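Working notes, structure below.
The values are calculated or read from the model by the stated rules, or taken from the named source; none is laboratory data. The structure displayed is predicted, hence computed values, not measured ones. Heads up, the Cβs are rebuilt from the backbone with ideal geometry, glycines too, and the neighbour counts pull from every protein chain shown. Ligands, DNA and RNA are stripped out before the accessible areas are found, and what is left, the full protein with its side chains, is counted by its heavy atoms. Shrake-Rupley method; radii C 1.70, N 1.55, O 1.52, S 1.80 Å.
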Amino acid sequence: MSGELAEGVNSLEKIILREPRGSSAEVYLYGGHVTSWKNEHGEELLFVSSKSFFKPPKPIRGGIPLCFPQFSNLGPLDSHGFARNKFWSIDIDPPALPTTSSSKAYVDLILKPSEEDMKIWPHSYEFRLRVALGPGGDLMLTSRIRNTNCDGKSFTFTFAYHTYFSVSVISEVRVEGLETLDYLDNLQKRERFTEQGDAITFEGPVDKIYLSTPTKIAILDHEKKRTFVVRKDGLPDAVVWNPWDKKAKAMADFGDDEYKYMLCVEAAAIEKPITLKPAANSIPRESSRVVEDPLLWLLYVQVSWIFGWINEIRRAEDIVEQC
Ligand code: BG6
């Protein structure tokens, strides 16, 4: 770890990562939850609700909740599973990551089930999370999940990095990279539809699971002249969520008007749940959903931001790749 341990809201412990050029990130041990990501100008790039409780067992509202081992209510567990409601530990001796990243600002966290937890989800696992800041201020999250069941049983899970992006105002935002894709509409009993050909804009509540999405998705904020680029691996789906006014009012930990200033774009594995066999010796990164003899499953997301109003996702990618 190369961060500093500090006291967060309600005395919850957090780790602050600082990158020499000035960008920073904060990660709470509660939930393994990233709550802040600032660029080198000190501007906050993630949305956290002013009404968030920061009180276990309620999850933090905003930042990057981890949805594991269940996305939403697609199973018997509480919404989005339990990883976001657990206290994680700092992983002092994590196995090396197969990465060439030059990041020096990072922290490794680990979550393992307690006996109590195993009554809710009867599987033994190690969930390792690395949160890193790249030299250009990119935020990178890597999840490695290992099945440590001794009885030889596989387990199956769904997953999402439930990222809340901070936006100037939702009417000025559009998302590129999801055009013409099929999606399941959570607001219409998860019926399957096909998205139209234009970039996605927002005029009302949205809660869609886009399927088989590209590895890069861009969120363009015209007002702020800022583009976020989400790059992902091992996560074929992408959820786009904004509760809009009615649902915002019904949420106790969310301000009535705050829906205007956030947009969730979530890198996810939902439609085809991941089945993980007990640990052996491979690191699969491909789309095969039943993992043979895995030591680790690597789920990776990198978010970057760039200034400038970019018309085409391809241009956005070019710029990020130069960083
Ligand atoms: C999104 C789901 O990922 O999370 C929505 O698609 C859900 O259906 C939203 O309402 C927030 O969930 P929660 O459990 O944090 O209130």
Inter-residue pairs, beta-carbon under 8 Å, first without any contact (Cβ under 8 Å) to a residue 40 or more places away in the chain and in the stretch 71-97, second open to solvent by 60 Å² or more (accessible area, probe 1.4 Å) and more than 12 Å from the ligand (Cβ to nearest atom), 6+ apart:
82/120
State whether the residues of the stretch 177-193 include one that is of a type in the set (Gly, Ala, Ser) and in contact with a helix residue (DSSP H, G or I) (Cβ under 6 Å, 6 or more places away or on another chain).
yes
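The rows are residues; the columns are (1) more than 12 Å from the ligand (Cβ to nearest atom); (2) part of a loop (DSSP other than H, G, I, E, B); (3) open to solvent by 10 Å² or more (accessible area, probe 1.4 Å).
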position	(1), (2), (3)
17	yes, no, no
20	yes, yes, yes
27	yes, no, no
34	yes, no, no
37	yes, no, no
42	yes, yes, yes
52	no, yes, yes
Taking residue 180, is it β-branched (Val, Ile, Thr) and farther than 19 Å from residue 303 by Cα?
yes
Looking at the stretch 66-84, which of the residues that are more than 16 Å from residue 267 (Cβ to Cβ) and within 9 Å of the ligand (Cβ to nearest atom) is least open to solvent (accessible area, probe 1.4 Å)?
79
Given (1) within 19 Å of the chain's Cα centre (by Cα); (2) within 16 Å of the ligand (Cβ to nearest atom), where does residue 105 come up short, assuming only one miss?
(2)
Tell me yes or no: at least one residue of the stretch 51-68 is farther than 27 Å from residue 190 by Cα, small (Gly, Ala, Ser) and at pLDDT 95 or above.
yes
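Each row is one residue, and each column tells you yes or no for (1) open to solvent by 10 Å² or more (accessible area, probe 1.4 Å); (2) of a type in the set (Ser, Thr, Tyr).
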{"site": "137", "(1), (2)": "no, no"}
{"site": "142", "(1), (2)": "yes, yes"}
{"site": "157", "(1), (2)": "no, no"}
{"site": "186", "(1), (2)": "yes, no"}
{"site": "209", "(1), (2)": "no, no"}
Looking only at the stretch 56-65, and only at residues there that are in contact with a strand residue (DSSP E or B) (Cβ under 9 Å, 6 or more places away or on another chain) and open to solvent by 20 Å² or more (accessible area, probe 1.4 Å), the one that is farthest from residue 132 (Cα to Cα)
56
Hey, could you check the stretch 156-170 for residues that are near the ligand (Cβ under 10 Å from one of its atoms) and in a strand (DSSP E or B) and say which is nearest to residue 72 (Cα to Cα)?
160
Neighbours by Cβ (under 8 Å, 6+ apart or cross-chain): first from the stretch 238-250, open to solvent by 90 Å² or more (accessible area, probe 1.4 Å); second of a type outside the set (S, T, N, Q) and more than 10 Å from the ligand (Cβ to nearest atom):
247/259; 249/256
Hand me the list of strands (runs of 3 or more DSSP E) wholly inside the stretch 175-249 holding 1 or more residues that are within 11 Å of the ligand (Cβ to nearest atom).
182-185, 206-210, 237-242
